[in-house]
1. Give the residues of the range B:123-147 that are farther than 16 Å from B:CYS47 by Cβ, within 13 Å of chain A (Cβ to nearest Cβ) and not in a helix (DSSP H, G or I), sorted by residue number.
2. Looking at A:GLY239, A:GLY245, A:GLY215 in this structure, which one is closer than 14 Å to A:VAL178 by Cα, outside the structural domain of A:ALA91 (by TED's automatic domain parsing) and small (Gly, Ala, Ser)?
3. Give the number of residues within the range A:203-219 that are crowded, with 18+ Cβ neighbours inside 10 Å and in a strand (DSSP E or B).
4. Those residues that are surrounded by fewer than 19 Cβ atoms within 10 Å (Cβ to Cβ) and acidic (Asp, Glu), I need them from the range B:21-45; list them, please.
5. Anything in the range B:43-69 that is closer than 18 Å to A:ASP4 by Cα, facing chain A (nearest Cβ under 7 Å) and of a type outside the set (Val, Ile, Thr)? List them, or say none.
6. Identify all residues within the range A:271-289 that are surrounded by fewer than 19 Cβ atoms within 10 Å (Cβ to Cβ) and aliphatic (A, V, I, L, M); write none if there are none.
7. Consider the range A:247-260. How many of its residues are surrounded by 17 or more Cβ atoms within 10 Å (Cβ to Cβ) and in a helix (DSSP H, G or I)?
8. Select, from A:ILE15, A:ILE38, the only residue that is out of contact with any Asp or Glu (no Cβ under 9 Å at 6 or more places or on another chain) and surrounded by 15 or more Cβ atoms within 10 Å (Cβ to Cβ).
Amino acid sequence: MTFDYHEPTSVREAIELSARFGGDGRFLAGGTDLMVQIHRGRLNPRHVVSLQCVPGLDGIEVDGAVRLGARVTHRRLESAEAFQGALRGLAEGAEVVGGHQVRNVATVGGNIVNASPAADVVVVLLALDATLTCLGPAGERTVALDGFATAPGVTGLRPNELLTRASFPRLAPRSATVFLKAGRRRAMEISIACVAARVTLDDLERCQDVRIALGAVAPTAIRARAAERHLEARPLTDGLMRETGRIAAAECRPIGDVRASARYRALLVATLVPRALARCLERIKLGAP
Amino acid sequence: MTRIALSLTINGQTHDVLAEPHRTLLDVLRTDLGLIGTKENCLEAECGVCTVLLEGAAVNACILLAAQCQGRAIVTIEGLAAPGQLHPLQRAFIDHGAVQCGYCIPGMILAAKAYLDTNPEPDGDGVREALAGNLCRCTGYQRIIDAVLSAARALRTSPPSQAAR
């Protein structure tokens, strides 16, 4: 394990270095995944391009939309004022990742491109209809987060492209977000299953807009589209929320592994989805004028 | 592999080191600088024994390149108090019998320091959460939690005269 270390001071320089090194180069942000993969011998880059001195990648901007720079850390998502209200689900997804040491450095961008099916923040961003901005030698493009990861560890990021930010629309009035995670312990745990929900109610208390995203129950984080459709224009009754949970459980494609069986994961989805919906409802009511 | 010249600011002192670019801060601290208070164990940011403060925040030195630390202030357990003195956290760990083999303790104390710096009036749950990234395999965590809560009280009533660097 050895490599050359580069510290570009602009996005353009970072892209140029990456283009020059091709498959021999890797971008380094928080290092919580990359450095572990290098230590395990699974990755052996000849060139490591640190992003820590690249300006413009660590902003949290909230205006017409919300934009998260790729280098925004989990700790900043947890503590940002913008994510204490209706967007609380984002802080909830961030605050259950690793310990403080990991969250102090682990980034949003790293979480997305690492493409773990259990990436908690990615699940919340899916429920927020996030889009990604990728910059490469050929220029900038915007892609949907939904579908960006295609398999564990595999994304649609092109060679030498840099993910620069994730963006999502601001929430309509009468909206709430929730993230719930099941693990075998309360901290330092990879999700056995996790759920993010976003609900917007209309004036008649019916679901106007709903997203349900699931983590750790398919090869990538996924949306439970049939479950979302089941709620369209209907009020969130207890019975409907439970039905929706069962639909989501039937949509997911979990594996059994050291943490839990596939069946147990599906049962967790059936439980976590109605809980997340009920909590969204509570939050909208609490926040209502 | 070519070595690169690094200038690291550790415990308020500047150290000039020649190191290969792939070497971690943990490795440079222990091997080049003899600062062996920072421990080495999992090398995967799981256990927390290598915790140091980077610009005041707790980080795992095992996954941090030394090259990434240039121009950024690092504090290790050796720099927490003036030579021959104890920081209130160190005092409290001793007083509460919070140390058994001791291997996890430097990381525990630095993670607790970072937490108390921004949360001077913690409760037990807050301390448990703040130390979730630090594993102890000897005994239990209760005395460690007690020590941190006790140190928080001590720091509120009489902050250390020699401020931790």
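1. None - no residue of the range B:123-147 is farther than 16 Å from B:CYS47 by Cβ, within 13 Å of chain A (Cβ to nearest Cβ) and not in a helix (DSSP H, G or I), so the list stays empty.
2. From the options A:GLY239, A:GLY245, A:GLY215, the qualifying one is A:GLY215.
3. Total meeting the criteria: 7.
4. B:ASP32, B:GLU40, B:GLU44
5. Residues satisfying the conditions are B:LEU64, B:LEU65, B:ALA67, B:GLN68.
6. A:ALA278, A:LEU286, A:ALA288
7. The qualifying residues number 4.
8. A:ILE38
The values are calculated or read from the model by the stated rules, or taken from the named source; none is laboratory data. Keep in mind that this is a model prediction, so the values were computed, not measured. Using ideal geometry, Cβ is built from the backbone for each residue, glycine included, and neighbour counts are taken over all protein chains shown.
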